[in-house]
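Q: Below you will find the structure I want to go over with you.
The values are calculated or read from the model by the stated rules, or taken from the named source; none is laboratory data. Here the structure is a predicted model, which means the values were calculated and not measured. Note: ideal-geometry Cβ built from the backbone for every residue, glycine included; neighbour counts use all protein chains shown. Only protein heavy atoms, including side chains, enter the accessible area calculation; ligands, DNA and RNA are left aside. Shrake-Rupley method; radii C 1.70, N 1.55, O 1.52, S 1.80 Å.
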Amino acid sequence: MNTIGIVYYSFTGNVLRMVKELEKGIEEVGGKFKSYRVAEVKADEIFQQDIIVMASPANGSEEIETEFFQPFMENNQKKFQGKKVYIFGSWGWGEGYFLEKWKKQLEEFGAILVAEPILCNGYPNGETRKALQEMGKILVEK
């Protein structure tokens, strides 16, 4: 059973709602997790987890949150080498390409992406909530 560290940034609350759905799935199968807002995360703690889950809304010109998440990524890029990672997020404008850019960045850092990201336009609907709960269950066993 994997331990899971969740790092997120939520501006409007949509990403936080998504995180809560993922947490429900993890809890449902008895999984262990700890969630951190990216502004408060301690790298030494998060990189001790078996799987790192990261969630961000689209920011600016289709990129992950700029004030906290981008520095977190850059400051810890070597720690991602060989690490199992899962990402997801929401967007409200553009096309949601930021997740593809983020995925590519993680691959360049040497991370192992364990599943395809879940992307939500705005408020997470029932289908998105269910998919995140299922992903939580999968991550515990992956």
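Q: Please enumerate the residues belonging to the stretch 131-142 that are open to solvent by less than 20 Å² (accessible area, probe 1.4 Å) and modelled with pLDDT under 95.
A: Within the stretch 131-142, none qualify.
Q: Pull up the stretch 96-142, narrow it to residues that are among the aromatic types (Phe, Trp, Tyr), touching a helix residue (DSSP H, G or I) at 6+ places or on another chain (Cβ under 9 Å) and free of Cβ contacts under 8 Å to residues at least 60 places away in the same chain, then point me to the one that is nearest to GLN77 (Cα to Cα).
A: Restricting attention to the stretch 96-142, the residues satisfying the condition of being among the aromatic types (Phe, Trp, Tyr) are 97-98, 102, 109, 123.
Subset that is touching a helix residue (DSSP H, G or I) at 6+ places or on another chain (Cβ under 9 Å): 102, 109, 123.
Cutting the leftovers down to free of Cβ contacts under 8 Å to residues at least 60 places away in the same chain gives us 102, 109.
Values: TRP102: 12, PHE109: 6 Å.
Selected residue: PHE109.
Q: Do the conditions hold for LYS42, that is, is it at pLDDT 95 or above and either of a type outside the set (S, T, N, Q) or under 24 Å from GLN81 (Cβ atoms) (or both)? Before you say what the answer is, go through the steps one by one.
A: Numbers: at pLDDT 95 or above: no; either of a type outside the set (S, T, N, Q) or under 24 Å from GLN81 (Cβ atoms) (or both): yes.
No; evaluated as a whole, the condition is false for this residue.
Q: Could I ask something else about it? Check THR128 against each of (1) within 13 Å of the chain's Cα centre (by Cα); (2) under 13 Å from ALA55 (Cβ atoms); (3) open to solvent by less than 40 Å² (accessible area, probe 1.4 Å) and name the one condition it does not meet.
A: Every condition holds for THR128 apart from (1).
Q: Hey, another quick one. Can you confirm whether the stretch 16-30 contains a residue that is among the acidic types (Asp, Glu), more than 15 Å from LEU132 (Cα to Cα) and either in contact with a Leu (Cβ under 8 Å, 6 or more places away or on another chain) or without any contact (Cβ under 8 Å) to a residue 40 or more places away in the chain (or both)?
A: No: zero hits.
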